[in-house]
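Student: Starting off with a structure, shown below.
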């Protein structure tokens, strides 16, 4: 059903072409790998026990709950350090998604979409004693929404609230 017309100039075709280029980009894959590596490191470094890491949800939410459902003083100290470390890692990851090496942000939306595609289509990194990481897709989805917000006058996220 090809009409023979060149449709490369149409916005949807341009976005699809650019997204295919970004998906093959090593920067996107490296960003995902760095995030998951940092998550795994945070899970082990925040754990009061060297034998068992804290869960991904504990790192992601910034809350460490003991096996009895309460936090010990030691857990609170680990939690504060973990939260600061994780916030630093996520901020760095988001900066990597939004900016290229020259500080240009024109590719932020396609890069965020490519990052989200990896999170949805591929299984996360496997962490021993925990399982596969899943939080990457939520970070990527949040960045996608923030980048989409820039293209809609008045913003759709503000209207949802």
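The values are calculated or read from the model by the stated rules, or taken from the named source; none is laboratory data. Remember, predicted model here, so these are calculated numbers, not experimental data. Glycine gets a Cβ as well: all are built from the backbone with ideal geometry, and neighbour counts include every protein chain shown.
Student: Determine which single condition residue 27 fails, assuming it passes every other condition in (1) part of a helix (DSSP H, G or I); (2) modelled with pLDDT under 85; (3) loosely packed, with under 15 Cβ neighbours inside 10 Å.
Tutor: (3)
Student: Which condition number in (1) at pLDDT 55 or above; (2) under 19 Å from residue 115 (Cα atoms); (3) surrounded by fewer than 18 Cβ atoms within 10 Å (Cβ to Cβ) is the one that residue 38 fails?
Tutor: The one condition residue 38 does not meet is (3).
Student: Could you grab me the full set of residues in region 129-142 that are in contact (Cβ under 8 Å) with a residue 40 or more places away in the chain and closer than 20 Å to residue 47 by Cα?
Tutor: Of everything in region 129-142, those that are in contact (Cβ under 8 Å) with a residue 40 or more places away in the chain and closer than 20 Å to residue 47 by Cα turn out to be 129, 130, 133, 134, 135.
Student: Return only the number of the condition from (1) farther than 18 Å from residue 144 by Cα; (2) in a helix (DSSP H, G or I); (3) modelled with pLDDT under 70 that residue 68 does not satisfy.
Tutor: Condition (2) is where residue 68 drops out.
Student: Sort out which residues of region 119-138 are assigned to a helix (DSSP H, G or I) and surrounded by fewer than 18 Cβ atoms within 10 Å (Cβ to Cβ), and write them in order of number.
Tutor: 120, 121, 138
Student: Residue check: is residue 125 at pLDDT below 90 and touching a helix residue (DSSP H, G or I) at 6+ places or on another chain (Cβ under 7 Å)?
Tutor: It is true that residue 125 is at pLDDT below 90 and touching a helix residue (DSSP H, G or I) at 6+ places or on another chain (Cβ under 7 Å).
Every residue, every condition in (1) under 11 Å from the mean Cα position of the chain (by Cα); (2) outside any helix (DSSP H, G or I); (3) modelled with pLDDT of 85 or more, yes or no:
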position	(1), (2), (3)
52	no, yes, no
76	no, no, no
104	no, yes, yes
109	no, no, yes
140	yes, no, yes
143	yes, no, yes
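Student: Anything in region 40-50 that is free of Cβ contacts under 8 Å to residues at least 12 places away in the same chain and either farther than 15 Å from residue 136 by Cβ or in contact with a helix residue (DSSP H, G or I) (Cβ under 6 Å, 6 or more places away or on another chain) (or both)? List them, or say none.
Tutor: 44, 49, 50
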